[in-house]
Structures are given as C-alpha cells and as structure tokens.
C-alpha cells in the first residue's frame, strides 16, 4: 500500500508496472474518507494509462503481492 500525491500517481504506477510487471494487479483508491470515494482495479499498466488523464484528491495505491506456486517451493527454500 502506497499513499501518493495526485500529481505523481501516473509516474508511480508506470514505475511500478516496470518494476513489478505490467500485469500485476493493483488498485487506485481516491478520497477514501470522503463522500465521493472511488476505487479502480486492474493491471498496473492499465491503471497508469487511466491516471494519464489526471487524478485529483487523496490517492492510495494498492499492489498485489507475488504468488508462489506450491510446486515451486521446496522445504529447503523455507528454511
């Protein structure tokens, strides 16, 4: 979870898409404590494109964690 300035939202989402993967799931939440709160979910690259039009208000970015397939884990990697 990241609290971000509205004027940096697009750049932050683009940087996250580059670092974490374009298809990583995320959410942009605006004005969470206000009457007109808004949430948008999707891949980070799609959210960055959406934010290019400009975002206003208090912004919270939520990025999904990395899933680990059970078959790729060994007991040795958990120790």
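Read-outs: derived from the displayed coordinates by stated rules, not from any lab. Remember, it's a predicted structure, so these values are computed and weren't measured experimentally. Here Cβ is always computed from backbone atoms with ideal geometry, including for glycine, and neighbour counts include all displayed protein chains.
I'd like to verify a number: residues in region 6-16 that are over 21 Å from residue 67 (Cβ atoms) and in contact with a strand residue (DSSP E or B) (Cβ under 7 Å, 6 or more places away or on another chain), how many? Can you show your working first?
The initial filter retains those residues of region 6-16 that are over 21 Å from residue 67 (Cβ atoms), namely 6-12, 14-15.
Now narrow it down to the ones that are in contact with a strand residue (DSSP E or B) (Cβ under 7 Å, 6 or more places away or on another chain): 6, 9, 12.
So the answer is 3.
Only residues that are in a helix (DSSP H, G or I) and in contact with a strand residue (DSSP E or B) (Cβ under 6 Å, 6 or more places away or on another chain) were counted in region 17-48, giving 2. Out of everything in region 12-36 that is free of Cβ contacts under 8 Å to residues at least 12 places away in the same chain and closer than 19 Å to residue 54 by Cα, what residue ends up being surrounded by the most Cβ atoms within 10 Å (Cβ to Cβ)? Only one residue tops the list, namely 15.
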